[in-house]
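All remarks here apply to the structure that follows.
The values are calculated or read from the model by the stated rules, or taken from the named source; none is laboratory data. This structure is a prediction, so every number in the text was calculated from the model and none was measured. Don't worry about glycine lacking a Cβ; one is built from the backbone with ideal geometry, like all the others, and counts go over all protein chains shown.
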Amino acid sequence: MPSEPCMKTLLPHLACPECRTTDGLSLERATTLEGRRWQSMLREAAELQSKLVCRACTRSYPVTDDGIPVLWSDALERTFRSLHKELNAAAPTEQDVKAANIQLYDTISNAYDAEGVHADSVTRSRMVSAFEEAAAGRRGPHVDVGCGAGNVLEFFTDVLDGPRIGVDVSLTGLRAVRRKGFDAVMGDAERLPFAEGSIGLITASSVLHHLFRPERLMCEAYSVLRKGGVFLTDFDPNGRAARWGWLALQLYALRRPVYSLLSRGRRRVFHSSKQVQTWNALAEFHNKPGEGFDIGELQSSLVNAGFELRRIFPHNCRDNSVHQRSLVRPSARHLLVQSLSGRNAFSRRNSDTLLTASVKPEVPARMNHQGEISPWARQVTQKLFAAGASALQESEHALMAAAVPLTTTVATVGD
Ligand SMILES: [Zn+2]
């Protein structure tokens, strides 16, 4: 069993999410004013007593009375400040999506844990074999982003060494994580509170589609992973299967009663009230008909972030190996929806969910060991040329990847 979490052992692994300097954070006493303000923002029972102060930028971060550091990004802090506001479901902003995730998982985390969603042995076996296939070693720390009640941290308990840290926006989920003996930090998936190059494994199960801009998590994961570190994502919707036909869309209009019937009592947690259904629809931001992740685009985003992509594995929940080449075993719901859309639900290309395994290369992806431009960089450069200047602003990493090969090319021509 993991030992009881302790703030002193956790602190050296944390960094200010906004400036991310290596100066570190110091534990101090919060003023009465801060304590009351944070109590109301976080809807805590008592006034907060402690804070972490960034030695570089002097931002202050709350620490809950049971010792959970709240290393929110500026954007996440703004969301907490306006949690009482009504959400715009018709044209949601980034803040609406963040707020829906906070409200939803504060409400359902305990029930979600009790129902064991994505916590089964098949899911464990698939994620662990994807990690073992990609990883050069078994060094931690392991950070699970969007950890919920900590099921993915449990999957990797015997697999790699080092601290195991859950990151989430829901304190209810984080408290469940601590009860299981893991460390817990409140943080924004789009602005991770760790030092650059410090983490061995980052997992994000059923998380990318909850984010307003999922590519930000990819860039963040790349920054905080050490060289050779692994980034694993799972349970994001396959965009190809999400392009539903007319008949399936008619069914979607009736989805709540039909869903309840098909699920026969399982996962009722997402349908427990009208309010929960509304939050869930917003929180599942890229998981609806016509949305999801196109396999090619997912690949480009990971490569643009700097990763070497080892595998994209389209699967359904019951496929327990990343090596298997057999037909997928669709759920009743997936079989029905794909059949109504005129698609073969048993084909892997049409499976409902995607897993990805990527590695932060020892040598930056834009160069190989001989200092030549790598195929990854060539692909990124060509993409940027094709997309024009606006794409250059899309990500800092893409810009870096483009700039170096261009210079190298010029130098080669000059020689
Ligand atoms: Zn700072």
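Kindly indicate whether ARG55 is among the charged types (D, E, K, R), on the phi < 0 side of the Ramachandran plot, touching a residue at least 40 places away in the same chain (Cβ under 8 Å) and within 16 Å of the ligand (Cβ to nearest atom). Answer is no for this residue. Set side by side, the residues ARG240, ARG213 differ, and just one is in the same structural domain as GLU132 (by TED's automatic domain parsing), over 22 Å from ARG164 (Cα atoms), out of contact with any Lys or Arg (no Cβ under 8 Å at 6 or more places or on another chain) and touching a residue at least 60 places away in the same chain (Cβ under 8 Å), which is ARG213. Checking region 157-168 against the condition returns a match, with at least one residue being small (Gly, Ala, Ser) and surrounded by fewer than 24 Cβ atoms within 10 Å (Cβ to Cβ).
Can you spot a residue in region 301-312 that is in contact with a Pro (Cβ under 6 Å, 6 or more places away or on another chain) and either modelled with pLDDT under 80 or not in a loop (DSSP other than H, G, I, E, B) (or both)? The answer is yes; a qualifying residue exists.
Residues that are closer than 18 Å to TRP38 by Cα and without any contact (Cβ under 8 Å) to a residue 40 or more places away in the chain: does region 66-76 have at least one? No.
Residues that are within 16 Å of the ligand (Cβ to nearest atom), under 29 Å from HIS142 (Cα atoms) and touching a strand residue (DSSP E or B) at 6+ places or on another chain (Cβ under 6 Å) are absent from region 5-13. When GLU154, GLU133 are checked against the criterion of being surrounded by fewer than 16 Cβ atoms within 10 Å (Cβ to Cβ) and closer than 21 Å to ILE199 by Cα, GLU133 stands alone in meeting it.
Scanning region 58-94 for residues that are assigned to a strand (DSSP E or B) and either of a type outside the set (A, V, I, L, M, F, W, C) or more than 16 Å from the ligand (Cβ to nearest atom) (or both) returns SER60, TYR61, PRO62, PRO69. Within region 15-28, residues that are more than 7 Å from the ligand (Cβ to nearest atom) reach partners that are charged (D, E, K, R) with beta carbons closer than 6 Å, at six or more positions or on different chains, in the pairs PRO17/ARG191; ASP23/ARG55; GLY24/ARG55; GLU28/LYS51. Residue by residue through region 176-194, note down the ones that are of a type in the set (D, E, K, R) and outside any loop (DSSP other than H, G, I, E, B). ARG178, ARG179, ASP183, ASP188, ARG191, listed by residue number.
Residues that are in contact with a Pro (Cβ under 8 Å, 6 or more places away or on another chain) and part of a strand (DSSP E or B) within region 132-175 comprise HIS142, ARG164, ILE165, VAL167, listed in sequence order.
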